[in-house]
1. If each residue of separation counts as 0.36 nm, what is the full-extension length gain between R251 and F102 once their alpha-carbon separation is subtracted?
2. Answer with one residue from G63, Q327, F371: the one whose Cα lies farthest towards the positive end of the charge dipole of the chain, charges on Cβ with Lys, Arg +1 and Asp, Glu -1.
3. Tell me, what is the 1.4 Å probe accessible area of R259, in Å² to the nearest 10?
4. Where the only charges are on Cβ atoms (+1 Lys, Arg; -1 Asp, Glu), what is the dipole of region 247-314 about its Cα centre, to the nearest 20 debye?
5. Given the options V45, S28, I87, identify the residue whose Cα lies farthest towards the positive end of the charge dipole of region 1-92 (+1 on Cβ of Lys, Arg; -1 on Cβ of Asp, Glu).
6. Students often forget the sequence filter, so: which lysines lie under 16 Å Cα-Cα from K323 once same-chain residues fewer than 8 apart are removed?
7. Would you work out the relative contact order for region 30-146, in percent, from Cα pairs under 8 angstrom that are 6 or more residues apart?
8. Test of understanding: in a Gaussian network model of the chain with alpha carbons linked when under 10 Å, which of N145, N157, N353 would top the mean-square fluctuation ranking?
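The values are calculated or read from the model by the stated rules, or taken from the named source; none is laboratory data. Just so it is clear, the model here is predicted, and its values are computed rather than measured. Glycine also receives a Cβ, built like all others from the backbone with ideal geometry; neighbour counts cover every protein chain displayed. Heads up: the accessible areas ignore ligands, DNA and RNA and are worked out on the full protein's heavy atoms, side chains in. Shrake-Rupley method; radii C 1.70, N 1.55, O 1.52, S 1.80 Å.
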Amino acid sequence: MPVSQAQRVLPFFNYSHFFQSQEEELVSIFKDVGRRGAFILQSDVRQFESSLAAYTGARYAIGVANGTDALIIALRAAGIGPGDEVIFSSHTYVATAASIFFAGATPVAADCMADHMLDPDSVREKITQKTRAIMPTQLNGRTCNMDALRAIADEHNLLIIEDAAQGLGSRFKGKMAGTFGIAGTISFYPAKTLGCLGDGGAILTNDDQMYAKMCLLRDHGRNEKGDIVAWGLNSRLDNLQAAFLDAQMRRFPKVVLRRREMASQYQALLGENARLTLPPAPEENTDHYDAYQNYEIEADNRDALREYLKANGIGTLIQWGGKAVHQIPQLNVKASLPVTDRIFDRCLMVPFNMSMTDDDIHYVCDHIQAFYRA
């Protein structure tokens, strides 16, 4: 049984636990990297890139400074720029749209479906003569219906560049998020399913030319000989962070399994509550294998529920500060997206991280049920 309310405080994400749970190993890695003087683009980066590529099934993985840079580099390597339009889901972090903007192209917002993923029908409606690419967000540890998006891309000769920042470990029909298009990007922000102790990102690709261009773009346009052969950026994955990530990569499959177990528990404890809409359950659709980066519910009387949970020591979060990209007036990304609008009136992320015990999940669910009973 859950412990009493007075004894429990559950932050939305426990950053100190993230470090403390693996402190001895992380400190050992820090000492090893420091003693070797291995700070920029050393063997640890290459080792992690190899591990990540092997896990995802991608031909290449390229470590970069963060997930936003990953998107910008992928777009620029694909030749997308001024005069082009890129369609994206408005239910995403602003970085998705910002990467399109800073590549010089125009971000075009599309609607999402009931599972919060990019709606292929909405994508089709947004296509113009200027459209060059589709950028699906693999959201909350779930992969979009990539068959439908691929069919649209093939029909209209469009590129697919995936924002898989939250998608690592998820699959659609057995294929990993980040490997469906010409490039796919990942974020290693600490709260991600695979996180480092700062910023970090990666790009996946199976395309030889894209790989070569992106390697130049991340490191000042320098080739393997150290010669400047093109304009480039400074966006290298820090070698120390790469070492941290590679250590975690070895146990990552077990992390995904635990997160799926946690999702099953939330489903069992809340699935009968008609006032809530839960994410798809782990075994609901065999096309999808979800990694559950987040557990984003929809809730009646959402704001009052959030305050009630806060009063009982339970931290929650409304993604993106409570606004989809098209709802941020300063960005001027205007669109009529009724499904996304409805979702943002109701969406709420409950605690869902590796510091949580089964009792913690019961505690959260007991209080959600108590709120609606009242």
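1. Details: separation 149, 0.36 × 149 = 53.64 nm, distance 3.56 nm.
Contour length minus Cα-Cα distance gives 50.1 nm.
2. G63
3. Its heavy atoms expose roughly 10 Å² to the probe.
4. Here the size comes out at about 540 debye.
5. Of the options given, the answer is S28.
6. Those lysines meeting the cut-off are K334.
7. Values: 144 pairs, mean separation 24.2, N = 117.
It comes to 21 percent, rounded to a whole number.
8. Judging by the Gaussian network model, the answer is N157.
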